[in-house]
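Everything below concerns the one structure shown next.
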Amino acid sequence: MVMVKVSPDVFSCSSGDKLELEVDLPGVKKEDIEFKMLEDGFFINAKKGDELEYGGTYAFCCPVIPEKALAKYFNGKLVVTVPYKEALKAVDIKID
């Protein structure tokens, strides 16, 4: 049997001073997930048995503090919350 490797669906949003990530990994067991984070992105590799492997490397727009990341896995979804290294300040842009 050939293993199929795909990129998981990843959703991210900014919530004040934190970045929130959701990674869809349907059918994957928690112990089969490898997740590593740096200040500027993250790497994920997760196997679903012998037939499917989710994997990819993703970049962040702003640096985070990976040592303070909190991760939970339930119902096929990895949810990670990590604080930004510096507070973000949004600027209103006038649209003509």
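The values are calculated or read from the model by the stated rules, or taken from the named source; none is laboratory data. Keep in mind that what you see is a predicted model, and the values were worked out from it rather than measured. Positions of Cβ are backbone-derived with ideal geometry, glycine not excepted, and every protein chain shown enters the neighbour counts.
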**Complete:** Here the qualifying pairs (Cβ atoms under 7 Å; residues six or more apart or on different chains; first in segment 68-96 and loosely packed, with under 10 Cβ neighbours inside 10 Å; second in a loop (DSSP other than H, G, I, E, B)) come out as A87/D17
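Matching residues to (1) of a type in the set (D, E, K, R); (2) modelled with pLDDT under 95:
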| site | (1), (2) |
| --- | --- |
| V4 | no, yes |
| V10 | no, no |
| G27 | no, yes |
| D32 | yes, no |
| G55 | no, no |
| K68 | yes, no |
| Y73 | no, no |
| V80 | no, no |
**Request:** Go through the residues of segment 36-56 one by one and say whether even a single one is part of a loop (DSSP other than H, G, I, E, B), exposed (fewer than 15 other Cβ atoms within 10 Å of the Cβ), in contact with a Gly (Cβ under 6 Å, 6 or more places away or on another chain) and free of Cβ contacts under 8 Å to residues at least 60 places away in the same chain.
**Result:** no
**Request:** Go through the residues of segment 19-35 one by one and say whether even a single one is touching a Lys or Arg at 6+ places or on another chain (Cβ under 6 Å), part of a strand (DSSP E or B) and not acidic (D, E).
**Result:** no
**Message:** Every residue in segment 57-67 that is farther than 25 Å from V6 by Cα and loosely packed, with under 11 Cβ neighbours inside 10 Å, please.
**Reply:** E67
**Asked** Hey, among D50, D9, D32, which residue is of a type outside the set (F, W, Y), more than 22 Å from A90 (Cβ to Cβ) and touching an Asp or Glu at 6+ places or on another chain (Cβ under 7 Å)?
**Response** D9
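Taking the condition among the aliphatic types (A, V, I, L, M), within 16 Å of the chain's Cα centre (by Cα) and in a loop (DSSP other than H, G, I, E, B), does V79 pass? Outline the logic, then answer.
On the way: among the aliphatic types (A, V, I, L, M): yes; within 16 Å of the chain's Cα centre (by Cα): yes; in a loop (DSSP other than H, G, I, E, B): no.
It is false that V79 is among the aliphatic types (A, V, I, L, M), within 16 Å of the chain's Cα centre (by Cα) and in a loop (DSSP other than H, G, I, E, B).
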**Item:** Qualifying positions in segment 4-18 - outside any strand (DSSP E or B) and either of a type in the set (S, T, N, Q) or at negative phi (or both)
**Value:** S7, P8, D9, D17
